[in-house]
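For reference, the structure discussed in these notes is given below.
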Amino acid sequence: FSNVAWAFATAGVDAPELFQAIASAAPSRIAHFNSQNIANMAWAFATAGVEAPEFFFDAVAAEALPRLVEFTPQQIANVASAFATAGVE
């Protein structure tokens, strides 16, 4: 999921249906993502400007917070930026 989202966001491809499908499917699989996958996926949503449902960001936060020691400073910045861009508090 994260690589596809990252690729579409990086390429600037407008694919709201794809991002919504990822937002719906990712929370049930996010426990299997490494820190880079989590950061890339959050970054992709912010970069693509796609509005993700709140449950998507809840899942990202729930998975990232207890594993924060696994994240590089850049990954933490990308996740924080994604939350800020999305207006998530």
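The values are calculated or read from the model by the stated rules, or taken from the named source; none is laboratory data. Here the structure is a predicted model, which is why all the values come from computation and not from measurement. Cβ placement follows ideal geometry from the backbone for every residue including glycine, while neighbour counts extend to all protein chains displayed. Surface accessibility is based on the protein's heavy atoms, side chains included, excluding ligands, DNA and RNA. Shrake-Rupley method; radii C 1.70, N 1.55, O 1.52, S 1.80 Å.
Observations
- Residue tally, condition closer than 14 Å to Glu70 by Cα and open to solvent by 30 Å² or more (accessible area, probe 1.4 Å), over the stretch 23-43: 5
- Annotation: Phe45 fulfils all but one of (1) closer than 17 Å to Phe1 by Cα; (2) at pLDDT 95 or above; the unmet one is (2).
- Residues that are touching a Ser or Thr at 6+ places or on another chain (Cβ under 6 Å), at pLDDT 95 or above and either under 18 Å from Phe1 (Cα atoms) or in a helix (DSSP H, G or I) (or both) occur at least once in the stretch 52-72.
- Among the criteria (1) open to solvent by 40 Å² or more (accessible area, probe 1.4 Å); (2) free of Cβ contacts under 8 Å to residues at least 40 places away in the same chain, the one Ala52 does not fulfil is (1).
- Figure legend. Inter-residue proximity from the stretch 70-88: first residues touching a residue at least 12 places away in the same chain (Cβ under 8 Å), second residues of a type outside the set (A, V, I, L, M, F, W, C) and surrounded by 13 or more Cβ atoms within 10 Å (Cβ to Cβ), beta-carbon distance below 6 Å, spacing 6+ or different chains. Indicated pairs: Glu70/Ser35; Phe71/Ser35; Gln75/Ser35.
- Any hit, the stretch 56-73, residues being open to solvent by 50 Å² or more (accessible area, probe 1.4 Å), in contact with a helix residue (DSSP H, G or I) (Cβ under 7 Å, 6 or more places away or on another chain) and among the polar types (S, T, N, Q): no
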